[in-house]
Amino acid sequence: MVKKSRKEKRKRTQKGKVTSELIRSAYVSGNENVFPKILELHVPRKSIVADVTYGKGIFWKKVPKDHYVLKATDIRMGVDCRALHLLDPIS
């Protein structure tokens, strides 16, 4: 019989912040309901977001306007997402 070391005997303890606000990774809903959750999880507030396929803005319907700086463009606005000129060319 092998004795466990002191380190092996210690139980893992949670040291994070306890919260009941779960972040779900799967949703069954429309884009306008899911997209704000994706942004909340992956994009810091006040970030500049270039949505080059904005269309009618359905994804952004339920995103509070003061949370992000939205740069919306679309082919209907004369901007082709395959030929963007958002940044200076890298030399």
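Filter the chymotrypsin sites (Phe, Trp or Tyr not before Pro) in segment 27-91 down to the DSSP loop ones having no more than 15 other Cβ atoms within 10 Å, then list what survives.
Y27
Would you please give the residues with an amide H less than 5 Å from that of V49, counting only those at least 5 places away or on a separate chain, with H modeled from the backbone geometry?
It is V69, L70, K71, by chain and number.
Measure up K15/K62; K15/K46; K37/K61 against 22 Å on the Cα-Cα distance and list the ones that go over.
Distance filter (> 22 Å) returns K15/K62; K15/K46.
Read-outs: derived from the displayed coordinates by stated rules, not from any lab. Everything quoted here is computed from the prediction, not taken from an experiment. With ideal geometry, Cβ positions are generated from the backbone for all residues, glycine too; neighbour counts draw on all protein chains shown.
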